[in-house]
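Since the structure comes first, as structure tokens, the remarks are kept for the end.
The values are calculated or read from the model by the stated rules, or taken from the named source; none is laboratory data. From a predicted model like this one, the values you see are computed outputs, not experimental measurements. Note: ideal-geometry Cβ built from the backbone for every residue, glycine included; neighbour counts use all protein chains shown. The area values use the complete protein model at the heavy-atom level, side chains included, leaving out ligands, DNA and RNA. Shrake-Rupley method; radii C 1.70, N 1.55, O 1.52, S 1.80 Å.
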Amino acid sequence: MGQTADFDAFYASTARRVMLQVYAVCGDLGDAQDLTQEAYARAWQRWPEVSGYDSPEHWVRRVAWNLAANRWRGLRRWLAAQTRFGPPPETTAGPTPERVALLAALRRIPEAQRQTVAMHYLMDMSVEEIASSDGVPAGTVKARLSRARAALAPLLTDVEVSDVA
């Protein structure tokens, strides 16, 4: 009974934050909810082990991000197949050019920088909060943010910030 109560409390206190972080990384609310649910299901299956970690939330977030990366790989394979076989008969309007440019630019920077940017700018987490969450020094977080900004700047020269929201 105690194990269930511990997990329930952990889930209640962290699930929304993890889901929002995954949403910031993958850009789709439905996918973020699915990925978060799957990550917590995996945490539940291993709860005696995961609960002993310094940061079970970090473990769940990492699992969710790995699942998101796997979805991106699957999407790339699907897109390659669509290129070979042509588009489906019906298509819908796609995302704005600004959003496409932002996502393309984010995909061109290293994963650690992308996640740090998402946590800092989209989740409004402080450098100290990110450092604590990821188990790295604050200087590492600052370096990732600096390098990410430097890498993104030339990629987003024609995109206005107000258009990306």
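Here is the figure for region 124-155: residues that are buried (at least 18 other Cβ atoms within 10 Å of the Cβ) and part of a loop (DSSP other than H, G, I, E, B) total 1.
One residue alone among N66, N70 is open to solvent by 20 Å² or more (accessible area, probe 1.4 Å), under 17 Å from the mean Cα position of the chain (by Cα), under 23 Å from S132 (Cα atoms) and modelled with pLDDT under 95, and that residue is N66.
Check R61, R108, R46, R42 and return the single one that is at pLDDT 85 or above, of a type in the set (K, R) and within 19 Å of D134 (Cβ to Cβ).
Working: R108 fails: within 19 Å of D134 (Cβ to Cβ); R46 fails: within 19 Å of D134 (Cβ to Cβ); R42 fails: within 19 Å of D134 (Cβ to Cβ).
Going through R61, R108, R46, R42 in turn, the sole match is R61.
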